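The values are calculated or read from the model by the stated rules, or taken from the named source; none is laboratory data. Keep in mind it's a predicted model, so treat the numbers as computed, not measured. We place every Cβ from the backbone using ideal geometry, glycine too, and count neighbours over all the protein chains shown. Just the protein is used for accessible areas: all its heavy atoms, side chains included, with ligands, DNA and RNA removed. Shrake-Rupley method; radii C 1.70, N 1.55, O 1.52, S 1.80 Å.
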Amino acid sequence: MKLTQKKIDDYKIELTVTEDAAEFSKAIKHAAKTLGERVTIRGFRKGKIPQAVLEQHIGKDAIINEASNQLLQTSTRKALGILKLIPVTENKADVVTNEEGKDFTFTLTFTPFPQVKLGEYKNLDAEKVVEPVTEEDVDKQIKSMREHHANLIDAAEGDSVVDGDFITLDYTGTVDGEKFKGGEAKDATLDIGSHKFIGDFEEQLIGAKIGEERTVKVTFPDNYHAKDLAGKDAEFACKVNSIKHRELPELNDEFVQKVSTFKTVDEYKADIRKNMEANAERRAVEAQRQAVIDKAVANMEIDLPPVMIDNRVTQMINELDAQLKTNGMNIQQYMAFSGLDMDKLREDYRENAKKQVLTDIMLEQVAQAEKLVVTQPELDFEISMMAQMYRTPPKQIEKYLKDSGNLSNVASNILRRKATKFIIDNMAGAKKEAPAAETKEAETTKED
């Protein structure tokens, strides 16, 4: 086998593969045998048809083409293995010569996996910043709980709309004096302060009384889902029909006993603070660990092919589409609602996709450098977790993963998690754990 490489551009290469005439002759004989097992010729048993007879019935070109296809596949795998190249795009194969008695030559055009120089990934440091929990933070949390248990009471005669009220109203919207589709409603409900209506629509109704008419002026967002309204100024003729005030329950021991397992307000507030401080600590640790991973990525040297980012963006959009479908939507409806087109959606995903690809590559390189492996018990545990999630027997999940070719992806996810743990365990100031504890955590930790 002869191999030559030629750069097409900064990322794409053309690989020329040549097998000698003797190898192509073997491929032709093998192709004739393969085809002889598929066709039926009177007087001959399948698989026992002489090549000359087979050529008379199906033509010599059919045998040559079958030999070319078979040799192209086997030679491609062999060539890529010899050169240690991993295509990140589909191979574009072109046969150059496939004449009997001559060398068999073909070209492969593709983007190979980039060269990577792993930088420092041990003893990295990042500051842990724990946001303090203030008395105001605790009060906001308690207020949110009180609002959740609030009662709605009819406004007294002469009362005005205030922030937090629940109202009904009639409205008619116009743009340049013309009504538009979806811009009119009777007895529509509106939660003042929820910001479900565009702009400051709700704020402009504060102070209105029952029966009062007001003109509300707003501007539709540039990315509004109705393209004919995007970016345009509109006026809404509104009439308030009813007002309900939110009556928050008094913060006392009785309320605390109703919504929690505590007996006093002080105990309740102390528990809220404790939970908020624990959450703040978790967020700080997670941010610190992510910063260390980001540093390891930044220390890596790589010229990332744009196609790898494009492929990840496509994967992310497909995942979004699948998620939307579980909620009765699809990607087209989502884009219409969000005022996006596919180009803008892909652009919005691009930076995150690039970060994901670079992080995955770094983690895979660390796993290779540290000789990390996925054990069968770890793989079995991962499958059992998936089985619980989908309420399906583990054997069925495993069969599906094997049949769909996704079992290796599951193993790769585990390996990247182990590489992540290795970096975190070896960051500056990290406490060393016993080997048994490390193994257990590696097997049981799940991350997205």
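For segment 287-438, the C-alpha radius of gyration divided by 2.2 N^0.38 Å, with N the number of residues, is 1.24. Put simply, the C-alpha atoms of segment 60-194 give a gyration tensor, and the ellipsoid matching it has half-axes of 72, 33, 13 Å, longest first. Rolling a 1.4 Å probe over the protein heavy atoms of the chain, with every protein chain left in place, gives an accessible area that is 48 percent carbon and sulfur.
Treating each Cα of segment 16-102 as an identical point scatterer and summing with the Debye formula, the log10 of I(q)/I(0) at q = 0.15, 0.26 Å⁻¹ comes to -0.61, -1.26. Under the combined filter of DSSP loop state and at most 15 neighbouring Cβ atoms within 10 Å, segment 39-135 retains these trypsin sites (Lys or Arg not before Pro): ARG42, ARG45, LYS46, LYS48, LYS84, LYS102, LYS122, LYS128. Using Cβ point charges alone (K and R +1, D and E -1), the dipole size of segment 1-132 about the Cα centre works out to roughly 800 debye. Each of LYS12 and ASN330 was given a label point 7 Å from its Cα along the Cα-to-Cβ line. The distance between the two points is 3.1 nm. So, counting K/R as plus one and D/E as minus one, what does the shell of residues with Cβ under 14 Å around GLY177 add up to? Local charge sum for GLY177: -1. In this Cβ point-charge picture (+1 for Lys and Arg, -1 for Asp and Glu), the chain has a dipole of about 3120 debye about its Cα centre.
When the Cα positions of PHE24, PHE255, TYR121 are compared along the charge dipole of the chain, PHE24 comes out farthest toward the positive end, with charges on each C-beta of Lys, Arg, Asp and Glu. Here's the list of aspartates and glutamates a cross-link from LYS179 could span, going by alpha-carbon distance under 12 Å and ignoring same-chain residues fewer than 8 apart: GLU235.
Relative to the Cα centre, the charge distribution of segment 166-290, modelled as +1 at Lys and Arg Cβ and -1 at Asp and Glu Cβ, gives a dipole magnitude of about 320 debye. Diffusion of the chain by Stokes-Einstein, at 20 °C in a medium of 1.002 mPa s and with Rh set to the Kirkwood radius over alpha-carbon pairs, works out to 72 µm²/s.
For the chain, the solvent-accessible area of protein heavy atoms averages 62 Å² per residue (probe radius 1.4 Å; ligands and nucleic acids excluded). Placing unit charges on the Cβ atoms of the charged side chains and taking the dipole of the chain about its Cα centre, the candidate lying farthest along the positive direction among ALA270, GLY193, GLY36 is GLY36. When the pairs LYS181/LYS244; LYS128/LYS371; LYS181/LYS227 are compared against a 21 Å limit on Cα-Cα distance, LYS181/LYS244; LYS128/LYS371 fall above it.
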